[in-house]
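Down below is the structure, laid out as structure tokens.
The values are calculated or read from the model by the stated rules, or taken from the named source; none is laboratory data. Here the structure is a predicted model, which means the values were calculated and not measured. A quick note on method: Cβ atoms are made from the backbone with ideal geometry, for glycine too, and the neighbour counts reach across all protein chains shown.
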Amino acid sequence: MKVEEYNIIVRDYADNVYRFILKNIRDEEKARDIVQDSFEKMWKKVEEISFEKGKSYLFTTAYRTMIDKIRKDKKQGDWEEAPEPSIKASQQYTDLSDILQEALSRLSEIQRSVVMLRDYEGYEYGEIGEITGLSLSQVKVYIFRARKALKDYLVSVDTVI
């Protein structure tokens, strides 16, 4: 890949990668770091990657970097991010976005990732398999189970009330 082609990929896909990572980890600072790391890793292999595979390589690298970061954070923990007790006057939701975020947070990492890639980013099943390293049938199963879990949560009486 040439430098001009690398710059085209940066221009065309930086926002998409950022949105995908942000939707999965919901931390703007970490999402920016992951995207930056992904572009750095891609730059280091710019001579080995063809322009046609650039988008796939970028999303695969970002996905794997995100998974590594999540695993690292789980092992380390953060004293500053310890949950503080909160008092809530009501458990009712008034914003659909909050309900959807809660539903997504109940999914496993892999289910959330494949659903976001398919339904939010619009990738085909085969492309999701390339990005995540899963087989086509595994991708379909994870998406089916994730959608079923989302449906079960979203239509439950407790969520609606």
(message) Only one of 18, 57 is among the hydroxyl-bearing types (Ser, Thr, Tyr) and either surrounded by fewer than 19 Cβ atoms within 10 Å (Cβ to Cβ) or on the phi > 0 side of the Ramachandran plot (or both). Can you tell me which?
(response) 18
(request) Note down all Cβ pairs under 7 Å where the first residue falls in the range 40-54 and is touching a residue at least 12 places away in the same chain (Cβ under 8 Å), the second is in a loop (DSSP other than H, G, I, E, B), and they're at least six residues apart or on different chains. (result) 42/49; 46/1; 49/1; 50/1; 51/1; 54/1
(request) Kindly provide the set of residues from the range 122-145 that are more than 15 Å from the chain's Cα centre (by Cα) and among the β-branched types (Val, Ile, Thr), ordered by number. (result) 141
(message) Between a residue in the range 3-16 that is in a helix (DSSP H, G or I) and any residue that is basic (Lys, Arg) and at pLDDT below 90, which pairs come within a Cβ distance under 8 Å, given they are 6 or more apart or on different chains?
(response) 9/55; 12/55; 13/55
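Is it true that some residue in the range 142-152 is modelled with pLDDT of 85 or more, of a type in the set (Phe, Trp, Tyr), closer than 15 Å to residue 13 by Cβ and not assigned by TED's automatic domain parsing to the domain that holds residue 21?
Start the filter on the range 142-152 by keeping residues that are modelled with pLDDT of 85 or more, which leaves 142-152.
Now restrict to residues that are of a type in the set (Phe, Trp, Tyr): 142, 144.
Among the residues that remain, those that are also closer than 15 Å to residue 13 by Cβ are: none.
Looking through the range 142-152, none of the residues is modelled with pLDDT of 85 or more, of a type in the set (Phe, Trp, Tyr), closer than 15 Å to residue 13 by Cβ and not assigned by TED's automatic domain parsing to the domain that holds residue 21.
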(request) For the range 75-82, state whether one or more residues are modelled with pLDDT of 80 or more, over 16 Å from residue 141 (Cα atoms) and surrounded by fewer than 10 Cβ atoms within 10 Å (Cβ to Cβ). (result) no
(message) I'd like the residue in the range 29-51 that is crowded, with 19+ Cβ neighbours inside 10 Å and among the small types (Gly, Ala, Ser) and, out of all such residues, is farthest from residue 73 (Cα to Cα).
(response) 38
